[in-house]
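Just so you know, all these numbers are worked out from the coordinates, no wet-lab data involved. Note that the structure is predicted; figures quoted are calculated from it, not measured. Virtual Cβ from ideal backbone geometry, glycine too; neighbours counted across all protein chains shown.
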Amino acid sequence: MQTIKEQFAADLAAAKTAEAVEQVRIKYLGKKGSITTLAKNTDFRSLSAEEKRSFGSRLNELKNYAEEALAAAKETAANAAPAKKSTGLDLTLPGTGRTLGSLHPISLIQMELESIFQGMGFTVVPSPECELEFYNFDAVNIPSDHPAREMQDTYWLKNQMLMRTHTSANQVRTMQRLGVPLRAIFPGRCFRNEAVDPSHENTFYQCEGLVVDKNISVANLIAVMKTLLSEIFHRDVTVRLRPGFFPFVEPGFELDLRCLLCEGEGCSTCHGTGWIELIPCGLIHPKVLECAGVDPTVYSGFAFGAGLTRLAMMKFGIPDIRLLNAGDVRFNEQFPTYV
Ligand code: DAH
């Protein structure tokens, strides 16, 4: 019995799982277990009454001891089980944060302009970056000897098409597609073969606008431009019109904004003039209306070509135009995620 007891204790100590403990129980207390058979195999008839009693009580002791030890071992194994069945999930590790990207300053200003113009009843029209020579030049009254057509300015494509040099290229197509009266803007990317420096890029954004209706005058143009600028800069602005020449408007203007930084005193942003040349515009030239099949004796309109890139630089205080296309995340990350 002593040998069995020692063997049992050693086996149980080695059993770490519930199944292993059960195996130990079967080995000792099962039907053919060594403690069970110990009782069966003993020839009680050959023993004296005294021996019978002593054997019986020692056997009971051994059984009780084994049962209790097994119960305790079973419980220990059960408690240890969850740790063994680990899923690999460690809730004490630091989290992996999710970051949202941010919107490009050009996107921000474009979205803002679109919503301001939509508020004034304008439609936002998509427009192609790759254009026909006709729409980019001829249709907007730029004759074939105009300097804008010279090779150094325009990126020509192999198929006779070109990368549009301005969003005005979409004026006539828009009037043809939508008919008149109309109010539309078409923001987008333009391309010119320019030497790149802090204020010149070969790829930049404009937002063209077009209003055609009966009795449209310069007063309507000024009202729309003032509304636009005061909404963008969240304050009242002062503007002025200077004559400017563009073949597709008559009269043509340069709309200047009184410098928001120095209030007209003169600073480095406005090159000491107190004014910032911001939006070229004018009343649509009759030839352009005619080209789109609109009768200039019945309809008139105004057009403008706001420099989106310029506006973004002013609004966000971006000192170098090259930052916009450089793709440097440290620059891009400084702008908000949403409007
Ligand atoms: N397309 C001209 C440019 O890129 C800008 C412009 C001037 C657009 C006058 C207009 C306008 O619509 O009326 O230089």
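Converting the Cα gyration tensor eigenvalues of the chain into ellipsoid dimensions via √(5λ) gives semi-axes, longest first, of 94, 22, 19 Å. Projected over every direction and averaged, the convex hull enclosing the alpha-carbon atoms of segment 259-339 yields 8.8 nm². For segment 311-325, backbone nitrogen atoms closer than 19 Å to the point 7 Å from TYR155 Cα along Cα-to-C-beta are found at 321-325.
Where the only charges are on Cβ atoms (+1 Lys, Arg; -1 Asp, Glu), what is the dipole of the chain about its Cα centre, to the nearest 20 debye?
Numbers: 35 positive and 39 negative charges, 477 e Å.
Computed charge dipole of the chain: roughly 2300 debye.
In the chain, which Cys residues have no partner Cys with a Cβ closer than 4.7 Å? Here CYS130, CYS190, CYS207, CYS281, CYS291 come out as lacking a disulfide-compatible partner, given the Cβ-Cβ threshold of under 4.7 Å. Using the Cβ of LEU157 as centre and a radius below 14 Å, the other residues enclosed give a net charge of -1, where K and R count +1 and D and E count -1. Across the chain, the relative contact order, built from alpha-carbon pairs under 8 Å that are at least six residues apart, equals 16 percent. Summing charges over all other residues whose Cβ lies under 14 Å from the Cβ of ILE26, with Lys and Arg as +1 and Asp and Glu as -1, gives +1.
Neighbours of PRO296 by Cβ distance under 11 Å: Lys/Arg scored +1, Asp/Glu scored -1, total -2.
By count of other Cβ within 10 Å, fewest leading, how are VAL196, VAL288 ordered?
Working: VAL196 12, VAL288 24.
The most exposed by this proxy come first: VAL196, VAL288.
Could you list LYS214, LYS226 so that the one with the fewest beta carbons within 10 Å of its beta carbon is first and the one with the most is last? Please list the in-between numbers first.
Working: LYS214 10, LYS226 16.
Taking fewest neighbouring Cβ atoms as first place, the list is LYS214, LYS226.
Every helix of 4 or more DSSP H residues in the chain counts as -39500 (n - 2.57), and over all residues that averages to -12000 deg cm²/dmol at 222 nm. Within the straight-line cut-off of under 28 Å between alpha carbons, the lysines reachable from LYS16 are LYS5, LYS27, LYS31, LYS32, LYS63, LYS74, LYS84, LYS85, sequence neighbours fewer than 8 places apart in one chain being disregarded. Counting only Cα atoms, segment 23-67 measures 35, 19, 8 Å along its principal axes, largest extent leading. For a straight C-alpha distance cut-off of 27 angstrom, the lysines reachable from LYS214 (same-chain residues fewer than eight places away being disregarded) are LYS226, LYS287.
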